[in-house]
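The values are calculated or read from the model by the stated rules, or taken from the named source; none is laboratory data. Everything numeric in this text was worked out from a predicted model, so none of it was measured. When we count neighbours, we look across all protein chains shown, and the Cβ atoms used for this are built from the backbone with ideal geometry, even at glycine. Surface areas here come from the heavy atoms of the whole protein model, side chains and all, with no ligands, DNA or RNA. Shrake-Rupley method; radii C 1.70, N 1.55, O 1.52, S 1.80 Å.
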Amino acid sequence: MAKTVQVVDDVTVRFAGDSGDGMQLTGSQFTDTTAIVGNDLSTLPDFPAEIRAPAGSLSGVSGFQLHFSSSDIQTPGDSPDVLVAMNPAALKVNLKDIKKNATIIVNTNAFDAKNLRLANYETNPLEDGSLAGYNVIQVELNKLTMAALEGIDLSVKDKDKCKNFFALGIMYWMYNRPIEITLKWLETKFKKKPEILEANQKALQAGYNYGDTTEIFTTRYDVKPAKLPKGVYRNVSGNEAAALGFITASLKSGLPLFLGSYPITPASEILQELSKYKDFGVITFQAEDEISGICSAIGASYSGSLAITSTSGPGLSLKMEAAGLAVMTELPVVIIDVQRGGPSTGLPTKTEQADLMQAMYGRHGEAPVVVLAAQSPADCFYMSIEAAKIALEHMIPVILLTDGYLAFGSEPLKIPKLEELPGIKINFRKDPEGFHPYQRDENFVRPWAIPGTPGLEHRIGGLEKKDVFGNISYEPANHEIMTNNRKNKVEKVADFIPDLVVEGEQESELLILTWGSTYGATKEAIRNAKLKGYKTAHAHLKYINPFPKNIGTVLNKFKKIMIPELNLGQMAMIIKSRFLKDVIQFNKVQGQPFKVAEIENKIIEVLGGSNGK
Amino acid sequence: MENKIDELVPGIKYSAKDFASDVDVKWCPGCGDYSILAQVQRTSPDFGERKENIVWVSGIGCSSRFPYYMNTFGFHSIHGRAAAIATGVKLANPKLQVWVATGDGDMLSIGGNHFIHACRKNINLKILMFNNRIYGLTKGQYSPTSEKGKVTKSSPFGTVDWPFNAIKLADSAGATFIARSLDRDPKHLQEMITRASKHIGMAFIEVYQNCPIFNDGAFAALTEKDSKPDNVVILEHGKPLLFGANKNKGIKLDGLNPVIIDLNDGKHSISDCWVHDEFDDNPTRGFILARFSDLPGFPTPIGVFRQFKKATYDGDYYSQIAHVKKQKGSGTYEKLMFTSNTWEVN
């Protein structure tokens, strides 16, 4: 039977199965191949906090979503066009999210009485008509995989583990992607286990052939390469990009990189990633706790390193006293906070933007720091460099906010040339003549005088210091001078950051103001709304403290300002209090990012339409 | 005492004065901290380090004002965190000699976690812990080394908690040089400090220190001329454990039980005494020694309980870096970014 090829612009696929089914791996392989064939893409894994919840149970379902396109995209997609469901629980958990006419590829072998019961299905959804309207493709994954691996000397259990590669093979066929990239990857991965390598490669090939030959698949889809700017690309998750950014900042500044960190979801990958780069002289100190994470970084900063600490919300709380010490001693430290659902342990594997107030005001005393936020997984690379640059050049702690959505999500990063990136000027004090530890330059920056420098022996600490001279001082007027110095130093950073840019319709009555990871969904929502005739302006904040200097002017140009954020209105509160502006809040705290459609509907509602609702 | 400074720091002759900063020392009159400061300043020329390569890090408490008075690099940090900050200072620049000045509350209470992990990792730091068995700076609450039943401002009916034995804690956590000294025994204290300065690895010195305001005389039995001989046993490597006014008492080891013996009773002689071996790599005897200070009737040991060689965290870390660099070559931006998973858009 002849198979038709249909060209489509944009596809969202979700792989879902048990935590042990290898869905993250399958998804990331599909992603790598899709990147290399030249589509624009964005991914988001969704996995439970439990490492291995009971097999077949609803709580154990792990998913990986990939949105790829022949044009520019910003989000992992609202609703999948295709769901690969490895068992009944995966079907049940994900069915509500997918498009009405979506394709569902199911592993029918997993739909036995036990698994149906575990997924709380009273009848088999493959038989009871409840999936009417969907394009259900039933594949006997276990059986077909076993058959494909006949003759290989492996246990049934080990062979069974290869079924995700069979499924991946089907998907590669369906979307017209080459299997060679994954075949090669398997070679490196299982170099020392030839049977496992052979089995997985065979399963992948068999899955691909199955799509090609069997009559249940009638259509292949072709997603043409996207017209991305010329250059060399790699796919990065936000955490990976942040790690690469910090190492790049180390290369740019010529300072060794020191990370003090304690493992915490969803920030641990930064620690893990950086620990690989010993050839770059990177020191990753896995500390005994969050406090030691930041304190060791402060010590390393005092010694002259580019010092960072990585954490998530609960850890940021624990670091706050030490962050105050960094403010007081005016030492450069970058704190990267990968926000998650809170408070307390909250939703550790889910995303939220609710640490903004903590980052801004979470310390005791008047203790301002620079606060930055990355807007996309690839932007984590640039903002890590920027955070390091500001910290080092202004002798100041910087909090860089990302979140679980950015940390785990991925997208292509166009790799810049090293010389295209901003330089980082380091100016260690060497001259003992006229040296005073708290003497400032025109930007309120004090000298960095590191141990080992002859003649510069001096003492710093958490007690208030005499302006210029740095001895302990309890003088009332001096404390006010120093408090203002610290505040002025932060504000002065505004001279070194870009203006706030307004994109979209400058003449619109509505400005959408975003910060952090809501950038992508907002941008797509604005594009969609425009197609329906609703015109909106968009400004995105990457610099939160200090704000870009022109923010007041920008805000004054618009009648309505809307702030979508994944909290109960923290940026809205800052904008309202600082600029005395009315703000339309649009908040969501479900541990999930905004869907494009949610923001689109809100825009249309604010502009007086209904969008068919 | 003549310092052999010429050999230690070529071209520079330091004296104690070189290590005194221009800041007025502001401890209470009679505080034991003055003596500790004086002994550190006196011995600093013997450390064999240029003073710009010495860093004193402290936490919070009376003892933690110490760095301000030393003319070296100094970092007065926050309560309990000195060991963590010092770890960062040392790891970032292993050429520095990093000292921690701390107290019993700072290091064993709020800083307990950092302390045990710095010991466990055998980070090449020197910790000088001033133990006055009281919270001085907050004006007189009991500390984690206060004896059980102690009446203080926060324990008007006496404490019900057991104290830490800092020596046992340091040894079991993994410190590789463990010593105790007294603020009132300058010579002994100087010796301990100098020896700690030469140790490679985590060196811990507990200094019993008198707080004349809130816990005056806490160690009087150990420091006063009349009572000291009967209450203190000085640990010296290779020498028998003897104490008493005329060294007339000894300690012998009966299995795992220490027993006090009278050398003048005609039944015992010096050859029955336990001979101290500070290089003993089995911690058992060190623990028995450490328990003396908790046993009624037993003299409190001062001196080096144990010291031994073990790979340091900072040493191994830099070896690992060197090894990987040798294998892979030094990192470059190209190697970092242009991995096998890149693709080109034309």
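Observations on the structure shown:
- Put simply, of B:P296, B:P301 the only residue that is more than 14 Å from chain A (Cβ to nearest Cβ) and open to solvent by less than 20 Å² (accessible area, probe 1.4 Å) is B:P301.
- Comparison of A:S610, A:S577 shows that the only residue that is free of Cβ contacts under 8 Å to residues at least 12 places away in the same chain, out of contact with any His (no Cβ under 7 Å at 6 or more places or on another chain) and in a loop (DSSP other than H, G, I, E, B) is A:S610.
- The residues listed here are A:S305, A:S292, A:S301; of these, the one that is under 18 Å from B:I321 (Cβ atoms) and at the interface with chain B (Cβ under 10 Å from one of its Cβ atoms) is A:S305.
- Within the range A:351-364, the set of residues being surrounded by fewer than 24 Cβ atoms within 10 Å (Cβ to Cβ) and touching a residue at least 60 places away in the same chain (Cβ under 8 Å) comprises A:A354, A:M357, A:M360.
- Filter pass, B:V259 being within 13 Å of B:G297 (Cα to Cα) and exposed (fewer than 15 other Cβ atoms within 10 Å of the Cβ): yes
- Filtering the range A:159-201 to residues that are among the acidic types (D, E) and over 33 Å from the mean Cα position of the chain (by Cα) leaves A:E195, A:E198.
- Among the residues making up the range A:460-476, those that are within 11 Å of chain B (Cβ to nearest Cβ), open to solvent by less than 60 Å² (accessible area, probe 1.4 Å) and part of a loop (DSSP other than H, G, I, E, B) are A:G462, A:L463, A:G470.
- Filter result (away from every other protein chain (no Cβ under 13 Å) and open to solvent by less than 10 Å² (accessible area, probe 1.4 Å)) within the range A:253-272: A:P266, A:A267, A:I270
- Of the helices (runs of 4 or more DSSP H) lying entirely inside the range A:22-133, not one carries at least 1 residues that are in contact with a Pro (Cβ under 9 Å, 6 or more places away or on another chain) and at positive phi.
- Residues being in contact (Cβ under 8 Å) with a residue 60 or more places away in the chain and on the phi < 0 side of the Ramachandran plot - total across the range B:94-143: 21
- The single condition from (1) out of contact with any helix residue (DSSP H, G or I) (no Cβ under 6 Å at 6 or more places or on another chain); (2) surrounded by fewer than 24 Cβ atoms within 10 Å (Cβ to Cβ) that A:S57 fails is (1).
- Set side by side, the residues B:I251, B:I234 differ, and just one is under 21 Å from the mean Cα position of the chain (by Cα) and under 30 Å from B:K267 (Cβ atoms), which is B:I234.
- Checked against the criterion of being open to solvent by 10 Å² or more (accessible area, probe 1.4 Å) and either within 8 Å of another protein chain (Cβ to nearest Cβ) or touching a residue at least 12 places away in the same chain (Cβ under 8 Å) (or both), the candidates B:P45, B:P29 yield just one match: B:P29.
- Complete set of residues in the range A:234-247 that are under 28 Å from A:W173 (Cα atoms) and open to solvent by 10 Å² or more (accessible area, probe 1.4 Å): A:R234, A:N235, A:S237
- Under the condition of being facing chain B (nearest Cβ under 10 Å) and either of a type in the set (S, T, Y) or closer than 30 Å to A:N427 by Cβ (or both), the residues counted in the range A:210-242 number 1.
- Exclusive hit being among the charged types (D, E, K, R), surrounded by fewer than 16 Cβ atoms within 10 Å (Cβ to Cβ) and assigned to a helix (DSSP H, G or I), set B:K148, B:K187, B:K168: B:K187
- Within the range B:307-346, considering residues that are closer than 30 Å to B:A179 by Cβ and hydroxyl-bearing (S, T, Y), the one nearest to the other protein chains (Cβ to nearest Cβ): B:Y317
- Taken over the range A:433-459, the criterion of being open to solvent by 60 Å² or more (accessible area, probe 1.4 Å) and either without any contact (Cβ under 8 Å) to a residue 12 or more places away in the chain or more than 10 Å from chain B (Cβ to nearest Cβ) (or both) is satisfied by A:E433, A:Q439, A:D441, A:E442.
- Those residues of the range A:581-594 which are farther than 13 Å from A:T351 by Cα, part of a loop (DSSP other than H, G, I, E, B) and open to solvent by 40 Å² or more (accessible area, probe 1.4 Å), in sequence order: A:K581, A:D582
- Subset of the range A:202-222 [among the aliphatic types (A, V, I, L, M) and crowded, with 23+ Cβ neighbours inside 10 Å]: A:A203, A:L204
- Taken together, A:S250, A:S275 contain a single residue that is surrounded by fewer than 24 Cβ atoms within 10 Å (Cβ to Cβ) and in contact with a strand residue (DSSP E or B) (Cβ under 7 Å, 6 or more places away or on another chain), which is A:S275.
- Any hit, the range B:62-84, residues being over 19 Å from B:F164 (Cα atoms), under 17 Å from the mean Cα position of the chain (by Cα) and within 8 Å of another protein chain (Cβ to nearest Cβ): yes
- Scanning the range B:160-190 for residues being among the polar types (S, T, N, Q) and in contact with a Gly (Cβ under 6 Å, 6 or more places away or on another chain) gives a total of 1.
- One residue from A:K159, A:K191, A:K163 being open to solvent by less than 50 Å² (accessible area, probe 1.4 Å) and farther than 27 Å from A:Y221 by Cα: A:K159
- Selection of the range B:88-109 for residues being among the β-branched types (V, I, T) and more than 8 Å from chain A (Cβ to nearest Cβ) yields B:V98, B:V100, B:T102.
- B:R285 vs. criteria charged (D, E, K, R), in contact with a strand residue (DSSP E or B) (Cβ under 8 Å, 6 or more places away or on another chain) and open to solvent by 20 Å² or more (accessible area, probe 1.4 Å): yes
Residues checked against (1) in contact with a Cys (Cβ under 7 Å, 6 or more places away or on another chain); (2) touching a residue at least 40 places away in the same chain (Cβ under 8 Å); (3) of a type in the set (D, E, K, R); (4) open to solvent by 20 Å² or more (accessible area, probe 1.4 Å):
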{"site": "A:F496", "(1), (2), (3), (4)": "no, yes, no, yes"}
{"site": "A:D499", "(1), (2), (3), (4)": "no, yes, yes, yes"}
{"site": "A:E503", "(1), (2), (3), (4)": "no, no, yes, yes"}
{"site": "A:A521", "(1), (2), (3), (4)": "no, yes, no, no"}
{"site": "A:A529", "(1), (2), (3), (4)": "no, yes, no, no"}
{"site": "A:T536", "(1), (2), (3), (4)": "no, yes, no, no"}
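- Elements of type helices (runs of 4 or more DSSP H) in the range A:159-251, at least 3 residues being of a type in the set (D, E, K, R) and out of contact with any helix residue (DSSP H, G or I) (no Cβ under 7 Å at 6 or more places or on another chain): A:180-189
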